[in-house]
Amino acid sequence: MSTPAPPRLDLQALGFDAGAHLLVKHALATIAIGEVIEVHGDAPGWQAQLRAWCRTQGHAVQDAGDGTLHVVRGDAQAGRWRGALASGHADPALDGAIAEVALPAWGLAARGATVEAGAPALDFRLDRKHELWSENAADLYAQALAAQWNPDVDIDWDDAPAPPPEIEDAIVQIMTFLVENENAALVVPARFLGQLHPHYRELQAALALQVADEARHIDVFTRRIRRHGREPALSTAGGQASLKSLLDEADFSVAGFLLSVLGEGTFVTLLQFLHGQAPDPLTRRICWLAARDEGRHVALGMSHLLYRLQREPEFRHTLARAVEHRHDALADTSGLNEEVFDALVLYAAGALEPMAIASGAAKVQQLLRDMTHGRYARLLRLGFGRDQAERLASLHTRNFM
């Protein structure tokens, strides 16, 4: 029984400098390893070019006579892709898709790509799943993407009747305080984003949108400050010291705990308060949109910590020590400045009258209790005992964030 003739590929006048290798590559993909294709061509030097290309790809070449060459398909792993690394699988739903440790040799490759040997090793400090992962990062990213808003479209900047000057001054002071804190809330995730191995792309995407959220908040709070011709108000040394302690935290989980779970969680309560007590529709709308974003940030931080604490319960001791250390380090600072506290009272009062001020002061005291209770509830959810949760909630910085 005669052996069937191998498939024939005629390159005609196409040279390898003009793409002939594409035809050869696709022809070889149709046969099994060890099988042969017959190649013809008319371009000057095409045989030498074919031999050189096949050497780099792990294929053998045989002279068949009459100017014809036989190419025997080899194993790509024996050629250029010898020693290549598989970088997991692109589909996170598959078991093992997300590696417990992301290798430096994977570099910037897409998860699931085959990485050629010799690619530069990139050192991403955050490369261990249990130290950074969140099970619902992809869902939170999708929610954040769907909930993105445009300040020029989703806010009516003309719906802002000027309140009495003393109330507008209070709004400006509060918004100045919000901008300062949002600057910290932007810098912290942005700093870790550059240290995160791209293998963990769902978290990478969620953090990137978190940074974008904070940039948008800074923009709208600043525009609200200037809406009636004002400029930013006062920033205190104690407030800046409190925020600097967030920037100084080197551990991703601890920083997320202090910023998102305690700080931004407290800020959600603050923004809800500002929304409910707002003296004008513009301020009300801004605070509602920002609070919605901050809620997702808290959810991402909580999700990560629940993931890590499930695998490393003893890490709660590290979190508790971080709260205590931060409290002790800031013990000599003023925390929330008097101007912001007074601005909150006046904001809630709505007027410079004794009865109104008394009502505003009572509302702010209730706000402080609500903030503490919110921190307490989140600490309980993270598995802290009731006594410890109550104590840690009370130790949180007076600067709110």
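Rule-based calculations on the coordinates, nothing more; no lab input. Note that this is a predicted model, so its numbers are computed, not measured. Heads up, the Cβs are rebuilt from the backbone with ideal geometry, glycines too, and the neighbour counts pull from every protein chain shown.
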Once Rh for the range 9-100 is found with the Kirkwood sum over Cα pairs, what is the Stokes-Einstein diffusion coefficient at 4 °C and 1.567 mPa s, in µm²/s? 88 µm²/s
Tell me the label-point distance for the pair Asp332, Arg292, using the 7 Å Cα-to-Cβ offset, in nm and rounded to one decimal. 4.5 nm
Give the separation of the Cα centroids, the range 335-354 to the range 266-325, in Å. 23 Å
With the crude spin-label approximation of a point 7 Å out along Cα→Cβ, what separation in nm comes out for His26 versus Ala43? 1.5 nm
Go ahead and run the numbers for FRET between Thr56 and Ala97, Cβ-Cβ distance against an R0 of 45 Å, rounding to 0.05. 0.90
Row for the range 316-401, column shape: gyration tensor on C-alpha, a ≥ b ≥ c, rounded if a/c < 1.5 i.e. under 1.5, prolate if a/b over b/c, else oblate; value oblate
Report the relative contact order of the chain, percent, no decimals, based on alpha-carbon pairs under 8 angstrom and at least 6 residues apart. 14 percent
Which order, highest average first, do 269-278, 324-333 follow once you tally other Cβ atoms within 10 Å for each residue and take the mean per peptide? 269-278, 324-333
Please rank Leu352, Leu346, fewest neighbouring Cβ atoms within 10 Å first, as an exposure proxy. Leu352, Leu346
Kindly state, as a whole number, the per residue volume in cubic angstrom of the convex hull around the alpha carbon atoms of the range 97-183. 181 Å³
For the range 83-123, list log₁₀ I(q)/I(0) at each q in 0.24, 0.32 Å⁻¹, using the Debye formula over Cα point scatterers of equal strength and ignoring solvent, two decimals each. -0.76, -1.15
Rank these for me by crowding, Ile98, Ile286, Ile33, going from fewest to most other beta carbons within 10 Å. Ile33, Ile98, Ile286
